[in-house]
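Scroll down for the structure; my scribbles are underneath it.
Just so you know, all these numbers are worked out from the coordinates, no wet-lab data involved. Everything quoted here is computed from the prediction, not taken from an experiment. A quick note on method: Cβ atoms are made from the backbone with ideal geometry, for glycine too, and the neighbour counts reach across all protein chains shown.
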Amino acid sequence: MTTISNRLQDILATIESARTANSPGQPVQLVAVSKAQPASAIRESYQAGQRVFGENYLQEALEKQAQLTDLNIEWHFIGPIQSNKTQPISQHFSWVHSVDRLKIAQRLNESRPQALPPLQVCIQVNVSNEESKSGVLPDDLAALAAEINQLPKLKLRGLMAIPAPTQDINRQIAQFKQLRQCYDALLAKGFSLDTLSMGMSDDYPAAIAQGATLVRIGSALFGARPAKAQG
């Protein structure tokens, strides 16, 4: 039977192969997307060497965090953010990938505890221009980035996207390339960034080819996802 440990090693090998072929000097980090997975699956992958985990649903994440306090996990929040959930997100996560508007950034900043280091954030960009998708449009990105840079308890690290799913490798590459172009445009304007959060189980090699530094992988690591939890 294929175990989480086996799948983790296979994914890390694929990441390294894609990184070496495309960006040999740039590290690529795996964020294990553990939404809807039990705490036991997180513990198993931790024992296999994984340390960074991404969660989409706040209440579910908080329950698992309470069960795993003995593990030195770096928690990333990667799901849509409702205004009424910014306080617990800012208190219980090290990273937030899905900031897409100033109001959310301001609320995260206001509720980040003074004793904690700045919250590491990525701006979510709607590269597919889908009305159903969260994310700032590329034309509005620079203005939002400038506003976030003024918030003292946040540290803007880069950009994130969830492109429209497709099995067409050329379409995958085109969408990731668009996010990379947004990233490069911000660098050209003087923003200090180092993170491109893009690529999931079905397309992460294409994302790495376009410069991803964080890939968010769930089903390829944990297997088929159980019934979706909310919170």
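Structure notes:
- Distance from the range 192-216 to the range 87-119 (C-alpha centre basis), Å: 22
- Computed from phi, the 3J(HN,Hα) profile of the range 199-215 under the Karplus parametrisation 6.51, -1.76, 1.60 (θ = phi - 60°) reads x, 10, 4, 8, 9, 5, x, 5, 5, 5, 4, 9, x, 4, 10, 10, 10 Hz, with x in place of Gly and Pro.
- Relative contact order (%) - the chain, alpha-carbon pairs under 8 angstrom, separation at least six: 24
- Placing unit charges on the Cβ atoms of the charged side chains and taking the dipole of the chain about its Cα centre, the candidate lying farthest along the positive direction among GLY54, ASN6, ALA105 is ALA105.
- Less than 5 angstrom separates the built amide H of GLY54 from those of ALA32, VAL33, SER34, HIS76, all sequence-distant by 5 or more or on a different chain.
- Near ALA143: Cβ cut-off under 12 Å, other residues only, Lys/Arg at +1 and Asp/Glu at -1. The net charge is -1.
- Cα-centre dipole for the range 4-221 with unit charges at Cβ (Lys and Arg positive, Asp and Glu negative), debye to 20: 360
- Calculated [222 nm] ellipticity per residue, helices only, for the chain: -12000 deg cm²/dmol; basis is -39500 (n - 2.57) per DSSP H run with n ≥ 4, divided by all residues, nearest 500.
- Summed side-chain charge close to THR86 - residues other than THR86 whose Cβ falls under 13 Å, Lys, Arg +1, Asp, Glu -1: +4
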